[in-house]
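The values are calculated or read from the model by the stated rules, or taken from the named source; none is laboratory data. Given the structure is predicted, the values throughout are model-derived calculations rather than measurements. Note that each Cβ is placed from the backbone with ideal geometry, even for glycine, and that neighbours are counted across all protein chains shown. In case anyone asks, the SASA skips ligands and DNA or RNA and just uses the protein heavy atoms, side chains included. Shrake-Rupley method; radii C 1.70, N 1.55, O 1.52, S 1.80 Å.
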Amino acid sequence: MTGRSVVVLDYGSGNLRSAQRALERVGAQVEVTSDRTAALEADGLVVPGVGAFEACMDGLRGIGGEEIIAERLSAGRPV
């Protein structure tokens, strides 16, 4: 993973900083953001989850996260 750019998608849920620190420990260049362009252009995308799935989906919908994930998948890019 060294040197890869990874976006941790900030949609208002999940333990973003723990995910960020873990990815940085393995050498990723990590940005925590809800920015669509950054999320689409990064080498990898992490969508951290929590136990409250409905709250997660509400947050994802609020930032257009479903479309970001779908667009990356259709382009054959990792999520």
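Glu71 passes all but one of (1) in contact with a Phe, Trp or Tyr (Cβ under 6 Å, 6 or more places away or on another chain); (2) open to solvent by 30 Å² or more (accessible area, probe 1.4 Å); (3) of a type outside the set (Gly, Ala, Ser); which number fails?
(1)
For segment 27-58, which positions are open to solvent by 80 Å² or more (accessible area, probe 1.4 Å) and outside any strand (DSSP E or B)?
Let us first name the residues in segment 27-58 that are open to solvent by 80 Å² or more (accessible area, probe 1.4 Å), namely 29, 31, 36, 41, 51, 53-54, 58.
Those that are open to solvent by 80 Å² or more (accessible area, probe 1.4 Å) and outside any strand (DSSP E or B): Arg36, Glu41, Gly51, Phe53, Glu54, Asp58.
Looking at segment 1-26, which of its residues are within 18 Å of Ile63 (Cα to Cα) and open to solvent by 50 Å² or more (accessible area, probe 1.4 Å)?
Asp10, Gly12, Asn15
Select from segment 45-63 the residues that are within 12 Å of the chain's Cα centre (by Cα) and free of Cβ contacts under 8 Å to residues at least 40 places away in the same chain and list them in ascending order. Explain how you work it out, then say what you get.
Step one: of segment 45-63, the residues within 12 Å of the chain's Cα centre (by Cα) are 45-49, 60, 63.
If the condition is that a residue be within 12 Å of the chain's Cα centre (by Cα) and free of Cβ contacts under 8 Å to residues at least 40 places away in the same chain, then Leu45, Val47, Gly49 are the ones that fit.
When both residues are 6+ apart or on different chains and their Cβ atoms are under 6 Å apart, which pairs have a first residue that lies in segment 1-29 and is more than 12 Å from Pro48 (Cα to Cα), and a second that is in a loop (DSSP other than H, G, I, E, B) and of a type in the set (Asp, Glu)?
Note: pairs meeting the criteria are Arg4/Asp43; Ser5/Asp43.
Look through Ala42, Ala19 and report the one residue that is among the small types (Gly, Ala, Ser), modelled with pLDDT of 95 or more and touching a strand residue (DSSP E or B) at 6+ places or on another chain (Cβ under 9 Å). If you could, list the steps in order and put the result at the bottom.
Details: Ala19 fails: modelled with pLDDT of 95 or more.
The unique qualifying residue is Ala42.
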